[in-house]
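All remarks here apply to the structure that follows.
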Amino acid sequence: MTEIRILLADNDQRHRESLTVELREGAGFEVFPAASPEEARKILKDRLIHLAIVNLRLVDDEDENDRSGLDLCGEIDPMVARVLLTGHPTAETARQALQITDGRDPVANGYLSKTNDSLEEKLKVVKGVLDAHFEIIPRDRFAVLTSGGDSPGMNAAIWAVVRAAMARKIEVIGVEDGYRGLYEGRFHKLRWGSLTEHMTRGGTFLGSARFKEFRDNDALHEKALQRLLNAHVSGLVVIGGDGSMQGAKALAARAGDKLRTVALPGTIDNDLYGTDMTLGAGSAGNAIVRELENMMPPAHAMRRIFVCEVMGRYSGFLALDAGLCVGADAILIPEKVIKMKPKRPDKIDRIASAEELNSQIDEIVERLERAFLGGQRHALVVFSEGIRKLIGKDRKDVRERMEERMEEWPEDIRPDIRTQLLGYTIRGVRPERFDLRIGIMLGSAAVKALVDGRNNVMVGWSYEHGVTKTDFDEITAKGKRPPAEILEERSKWKQFLELHETMVAPPRK
Ligand code: F6P
């Protein structure tokens with residue numbers, strides 16, 4: 001075994017020096033001797049130690065009540081393997097160390113007697129503890145977190161981060177509940193098999209949270225950074241959406257060269273610059289298609305129009321993509337509705353946007369009237385929740401405006417309208433093949449990027465180039481553009497919209 005770093009905390013100078021030599025020369029371990037709890041703590045703080053060998057009476061060998069070694073073992077991070085050493089071996093000291101009496105987590109994973117054990121026996125204990133404690137002997141440690149809205153494929157990405165890192169002898173710790181768990185220091189080691197049962201499931205195994213305060217609070221960033229540095233983490237993988245990128249960028253700015261941060265896009269909204277698809281958008285899109293299909297039979301049977309609001313935050317992708325795929329009669333997305341103030345192109349003009357929305361709804365109603373006069377008996381209108389979020393609540397909703405305009409229709413062709421909201425049931429679906437695949441590719445690319453020394457970048461997915469890398473600065477800056485500009489850049493979306501528009505106009509004689 002090589003590259004194994006051992007802390008030897010022993011106040012008995014002679015024994016400490018001889019055991020240090022034995023461990024170095026007998027087994028090739030890297031040994032860091034400490035003569036007191038304080039020295040031991042400093043070594044543990046400064047280095048990624050694999051195993052701590054700690055003398056039970058670490059302050060005063062003559063004092064029967066000295067438990068300082070046990071106390072030190074109790075405070076050492078459980079990711080470090082611990083062996084208790086004593087010159088006063090009794091069944092009681094062994095029991096205390098291993099806590100076999102009450103079934104609690106052991107303070108130590110092994111037990112060594114200074115007086116009785118030969119070098120061979122000592123090495124057997126040390127190697128046995130290392131073997132039981134570690135799947136790999138890590139040369140470095142990364143952390144992974146999922147933040148913001150969960151999305152299908154996140155588990156596959158975490159799985160890939162763990163596997164890609166462990167293949168390079170890097171240990172991975174999972175952070176619970178996103179940046180909140182990071183700030184609170186809620187970490188646990190992820191094992192080779194931790195994700196096996198979860199990788200093809202929706203949601204995120206690590207938990208997630210919205211922690212808006214994290215975006216621009218220096219004190220929170222500092223605390224989170226210290227938590228990572230104290231755990232000897234040198235690389236962080238963030239999986240999340242737009243808000244998560246802002247958090248990652250802020251953290252990276254504070255960390256300087258102490259920590260590298262790489263992100264990957266995990267959100268159903270598909271609203272991030274630097275990737276053609278975000279993780280989860282494909283599966284959520286498929287789920288929406290199935291839900292919309294299921295609305296058709298009742299719509300047909302009952303001669304109804306279904307008006308369906310689809311999640312996606314400020315992005316129209318899900319509404320547009322799914323609406324096109326099921327031949328929806330109309331699709332309303334923020335990119336085509338939202339107007340900016342002429343003199344403040346960074347600010348939404350809510351009045352002009354509401355007028356634009358009304359005029360698009362009026363056009364839809366006119367078009368549908370022609371279709372219903374021509375014999376159509378049901379219809380589907382899909383709109384993105386972003387419209388409602390961006391314009392504000394104090395305006396008529398899509399259904400109300402439609403009903404108002406439809407009052408002018410001949411009564412015998414006027415259908416009922418029903419509304420449907422597609423939200424969490426489409427976000428929580430199982431990831432489909434595409435998201436599993438990009439989850440695995442991006443998770444593994446994130447690890448490789450960290451190993452290659454990359455920092456401050458998001459790994460994304462391009463249909464043309466495969467895995468891409470884009471700086472956080474560029475992503476957050478481009479995310480702030482007016483919706484219409486985003487549509488200009490997303491040529492595929494524009495194509496979808498044009499296709500939809502040419503296909504839903506009823507024929508004219
Ligand atoms: O970002 C994913 C998303 O599902 C959006 O589509 C939606 O607007 C938002 O999250 C809902 O957020 P929350 O689950 O925090 O209410």
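Quick check on my filter: what residues within segment 225-241 are surrounded by fewer than 24 Cβ atoms within 10 Å (Cβ to Cβ) and outside any loop (DSSP other than H, G, I, E, B)? 225, 226, 227, 229, 230, listed by residue number. Residues in segment 11-51 that are polar (S, T, N, Q) and in a loop (DSSP other than H, G, I, E, B) were compared, and the one that is farthest from residue 140 (Cα to Cα) is 11.
When the residues of segment 421-436 are narrowed to those that are in contact (Cβ under 8 Å) with a residue 12 or more places away in the chain and away from the ligand (no atom under 16 Å from the Cβ), which ends up most open to solvent (accessible area, probe 1.4 Å)? Filtering first and then ranking leaves 430.
In the set 384, 444, 353, only one residue is on the phi < 0 side of the Ramachandran plot, polar (S, T, N, Q) and within 16 Å of the ligand (Cβ to nearest atom); that residue is 384. Taken as a whole, segment 3-25 holds at least one residue that is in contact with a Phe, Trp or Tyr (Cβ under 9 Å, 6 or more places away or on another chain), open to solvent by less than 40 Å² (accessible area, probe 1.4 Å), over 18 Å from residue 113 (Cβ atoms) and not charged (D, E, K, R). In segment 340-363, the qualifying residues are those that are of a type in the set (D, E, K, R) and free of Cβ contacts under 8 Å to residues at least 40 places away in the same chain, and the one that is surrounded by the fewest Cβ atoms within 10 Å (Cβ to Cβ) is 343.
Taking (1) away from the ligand (no atom under 16 Å from the Cβ); (2) open to solvent by less than 10 Å² (accessible area, probe 1.4 Å) in turn, residue 276 satisfies each apart from (2). Would a scan of segment 287-310 turn up a residue that is touching a residue at least 40 places away in the same chain (Cβ under 8 Å), farther than 24 Å from residue 378 by Cα and away from the ligand (no atom under 16 Å from the Cβ)? For segment 287-310, residues touching a residue at least 40 places away in the same chain (Cβ under 8 Å), farther than 24 Å from residue 378 by Cα and away from the ligand (no atom under 16 Å from the Cβ): absent. Take the conditions (1) away from the ligand (no atom under 16 Å from the Cβ); (2) open to solvent by less than 30 Å² (accessible area, probe 1.4 Å); residue 179 misses just one of them, which is (1). The residues in segment 242-271 that are more than 14 Å from the ligand (Cβ to nearest atom), buried (at least 22 other Cβ atoms within 10 Å of the Cβ) and not in a helix (DSSP H, G or I) can be counted, and the count is 5.
The values are calculated or read from the model by the stated rules, or taken from the named source; none is laboratory data. Model, not experiment: these values are computed from the prediction. Backbone-built Cβ (ideal geometry, glycine too); neighbour counts: all protein chains shown. These area figures cover heavy atoms from the full protein model, side chains too; ligands, DNA and RNA do not enter into them. Shrake-Rupley method; radii C 1.70, N 1.55, O 1.52, S 1.80 Å.
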